[in-house]
1. Among (1) modelled with pLDDT of 90 or more; (2) touching a Lys or Arg at 6+ places or on another chain (Cβ under 8 Å), where does Leu180 come up short?
2. With Val226, Val232 as the choices, which residue is in contact with a helix residue (DSSP H, G or I) (Cβ under 8 Å, 6 or more places away or on another chain), at pLDDT 90 or above, open to solvent by 30 Å² or more (accessible area, probe 1.4 Å) and closer than 22 Å to Thr271 by Cα?
3. Could you look through the stretch 117-143, keep only residues that are of a type in the set (Asp, Glu) and open to solvent by 50 Å² or more (accessible area, probe 1.4 Å), and pick out the one that is farthest from Val74 (Cα to Cα)?
4. Consider only pairs whose beta carbons are under 9 Å apart and that are at least six residues apart or on different chains; among these, list those whose first residue lies in the stretch 208-234 and is farther than 18 Å from Val249 by Cα and whose second residue is open to solvent by less than 70 Å² (accessible area, probe 1.4 Å) and modelled with pLDDT under 80.
5. Out of everything in the stretch 446-474 that is more than 23 Å from Asp420 (Cβ to Cβ), at pLDDT 90 or above and part of a loop (DSSP other than H, G, I, E, B), what residue ends up being least open to solvent (accessible area, probe 1.4 Å)?
6. Going through Pro206, Pro238 one at a time, which residue ends up being more than 30 Å from Met356 (Cβ to Cβ) and in contact with a strand residue (DSSP E or B) (Cβ under 7 Å, 6 or more places away or on another chain)?
7. Among the residues in the stretch 349-363, are any within 17 Å of Ala187 (Cβ to Cβ), without any contact (Cβ under 8 Å) to a residue 24 or more places away in the chain, open to solvent by less than 40 Å² (accessible area, probe 1.4 Å) and part of a helix (DSSP H, G or I)?
8. Out of Ala194, Ala209, Ala218, Ala205, report the one residue that is open to solvent by 80 Å² or more (accessible area, probe 1.4 Å) and either of a type outside the set (Lys, Arg) or at pLDDT below 90 (or both).
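The values are calculated or read from the model by the stated rules, or taken from the named source; none is laboratory data. Keep in mind it's a predicted model, so treat the numbers as computed, not measured. Quick reminder, even Gly has a Cβ in these numbers, built from the backbone with ideal geometry, and neighbours come from all protein chains shown. Please note that ligands, DNA and RNA were not included when accessible areas were found on the heavy atoms of the full protein model with its side chains. Shrake-Rupley method; radii C 1.70, N 1.55, O 1.52, S 1.80 Å.
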Amino acid sequence: MNTGREVSVRPLRTRPLWVLVALGAAGAVLAAGRLVHTGELLDWWVGGGLLAALIGVAFLHAVTLEVGADAYGVRYGSLVRRRRSLPWGDIADLRVHIQYGRHGEEYFRIGVLLRDGRTRRLPLPLSVSRDDRPDFDARLDELRALHRRHGAPESDHLAVISGRTAGRGGAVPLILCVLLLAGSGLAAWLVPVAGAAKDAWESAAPCAAAAPPAEREACLTTLPAVIARTEVNSGKGPSRLYFADGRPVDRVTVSREGARGFRAGDRVELTVWRRQVRVVAGEHHVWREHFTDAGSVAVVAAGLALAAGYPGARVLLRRRGRRLPDDEVLPSALPFAGALAVTALWLLPFCYVHPMGPPASPGPLAWAVAGSLVTLGLLVLAWRATRIRTPQVATTAAAVPRETAGEDVFLAARFLESTDYNPNHFGTHVVLGDGPPAVVPHPGPGRFAAKAVPAHRLTVKGVRRPRGGDGDGVPRGWHVAELDDAGEPVHLTAAPDDLARILRSLDAVDTATGADNA
């Protein structure tokens, strides 16, 4: 049993870090020597050495990092960063923060919840793989034991904070929403600009022979030229046409297909508008500059606004669940994403056809009104679908629905612990019907590989919403029943209505068994 002894945590793998620190020191020596020798600060060797030195300082911080705890409190720091202390009296609780990597990795860190509501994340211990978890859990237990002995924890429950829980900050989706809305506003501002430019190009006429130079920007000027060579870029870079003697211009940037259509020595005719070459016409190929129309820009503006709706919905759900415990899982924002996707089906074509807004004719107005009503209805449904349902328990035998004789009902449900009736977490459904409730690894039909649930051993302690510690295998809309299995805690999760039905069935079986024994 842990007695609350002093805890000291250092990085587990230090040899690679010391190698990088040594490389950083070598870079600093190289930069200093090169600077003394040449006296030039803007030198590649000096810059590379300084960069290596900065990286070495960062790894020096990582290799000398230490987190300690004793009867006074928690302290952490390194040789590079000053040490900080958190007394136990200021610490309300310890919690676990889970962050997911790009490829599904899980990073575990310990967070310190202060009594003023602020949170500090300890740099150590850190778990980045399954091999690190035992040491991480042991250090966490030691810190919690010290906190219980020398502090006053607000709760014995260990809160696990992840990206799905209410305690996770909402700054990232808020910033993303603001950036997308800013991009949408910029694109909307460019809609009339793009439309005016394309209309001016389509209405431009050839310049008169006596037109003054000031007026030639608005009309079309044609000039002969000879292609000297072509440059076809196979990557994402631009392709170019070069002209003989640099006349009338040295080069023109064209598309890859446009550059492939010309050869060195081809005689072409250039069309100049607003001091830029817009058309290169040859005997066998013609390249024209593409002018973006107002409809395309309006579609981009509407698409960015719709894209901003998803992070905005996440911010709204976090605001809606601000009174939930920090480790409770928030509802998913996917219903709002579905509403936005359906909105895109009518809004994007409408913006393309009517970029400047609906005209006075009844057809486009009806289109806009009908689409707006559909979007409004879907948003209302999404709001109702993401409401936070308070768990309710109904365990009376009289409330159990009568199953049809000989017919089994398979309900999606999972026990979160490995038990004798759920070995190795194999169960995905609970079957109810003519026989006793059982765990099965399939949605039916038939009770193949069924494991009977010992209802006489199970006692319902309560039903709650999912928490971060339950893992990502629990859908956001499900509830979790806390059961007692002959003194061992067991958790059963399912959709709210299915969970209530399973619990009533288990209680009915238990009641019937007790009556038979009596």
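1. (2)
2. Val226
3. Across the stretch 117-143, the extreme among qualifying residues is Asp131.
4. Cys219/Ala211
5. Within the stretch 446-474, the match that is least open to solvent (accessible area, probe 1.4 Å) is Pro466.
6. It is Pro238.
7. Taking every residue of the stretch 349-363 in turn, at least one turns out to be within 17 Å of Ala187 (Cβ to Cβ), without any contact (Cβ under 8 Å) to a residue 24 or more places away in the chain, open to solvent by less than 40 Å² (accessible area, probe 1.4 Å) and part of a helix (DSSP H, G or I).
8. Being open to solvent by 80 Å² or more (accessible area, probe 1.4 Å) and either of a type outside the set (Lys, Arg) or at pLDDT below 90 (or both) holds for just one of Ala194, Ala209, Ala218, Ala205, which is Ala209.
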